[in-house]
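J.: Below is one structure. I have some questions about it.
Where a number appears in this text, it was derived from the coordinates with a stated rule and is not lab data. Keep in mind it's a predicted model, so treat the numbers as computed, not measured. Note that we place each Cβ from the backbone using ideal geometry, even for glycine, and neighbour counts take in every protein chain shown.
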Amino acid sequence: MFKVRSLEHVAIAYRDTDAAAQWFCNALGFEVVFKALNPTHGVNFYFVKDPAGTGLIEIIPMPAANATKLGGISTAHVHIAFDVDDIYAAVEALQAKGVTFEGPPAKMGENMLVFFRDPEGAPLQLVQRAKPLK
């Protein structure tokens with residue numbers, strides 16, 4: 001028997017992997033921890049680490065033939081959520097960097113959340129929880 005220790009990474013496909021990695025670093029404070037050339041697609045892929053050092057996103061190339069599918073898997077209903085301590089301050093800081101939100105922060109139970117999109121339209125979310133998930 002084995003035990004999963006933690007979420008290791010989430011992968012997202014992008015048409016421009018270099019620009020996506022730069023955006024995560026500039027807009028959200030991530031850090032590139034690994035970069036390599038994907039020989040199949042002739043572009044770089046990346047692992048970027050969140051500011052707390054607890055989460056990784058793998059940035060992989062999107063097949064040019066179909067920008068909404070990756071190996072037959074639809075990417076339309078996937079999002080990544082980022083835990084923040086002050087959702088209003090986070091929204092203000094990201095708006096100053098040119099990020100557009102899909103609406104104002106909304107209350108859901110004791111929590112606050114808001115959606116926005118990365119430069120290629122992938123849905124992202126900020127979450128401010130009253131109590132951390134366990």
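J.: So what J values fall out for the range 21-27 if you push phi through Karplus, 6.51 cos²θ - 1.76 cosθ + 1.60 with θ = phi - 60°, rounded to Hz, Gly and Pro as x?
T.: 4, 4, 5, 4, 6, 6, 7
J.: Let me ask you something else. What net charge is computed for the residues neighbouring Ile57, neighbours being all others with C-beta under 12 Å from the C-beta of Ile57, Lys and Arg scored +1, Asp and Glu -1?
T.: -4
J.: Another question, if that's okay. Using the structure shown, list the pairs from Lys35/Lys97; Lys97/Lys131; Lys35/Lys107 with a Cα-Cα distance above 27 Å, or answer none.
T.: Lys97/Lys131; Lys35/Lys107
J.: If neighbour count is taken as other Cβ atoms inside 10 Å, put Val127, Val114 in order from fewest to most.
T.: With the sparsest Cβ surroundings first, the list reads Val127, Val114.
J.: Got the relative contact order for the range 78-134 handy, in percent, Cα pairs under 8 Å and 6 or more residues apart?
T.: 42
J.: What translational D, rounded to a whole number of µm²/s, comes out for the range 6-64 from Stokes-Einstein when the hydrodynamic radius is the Kirkwood one over Cα pairs, at 10 °C and 1.306 mPa s?
T.: 139
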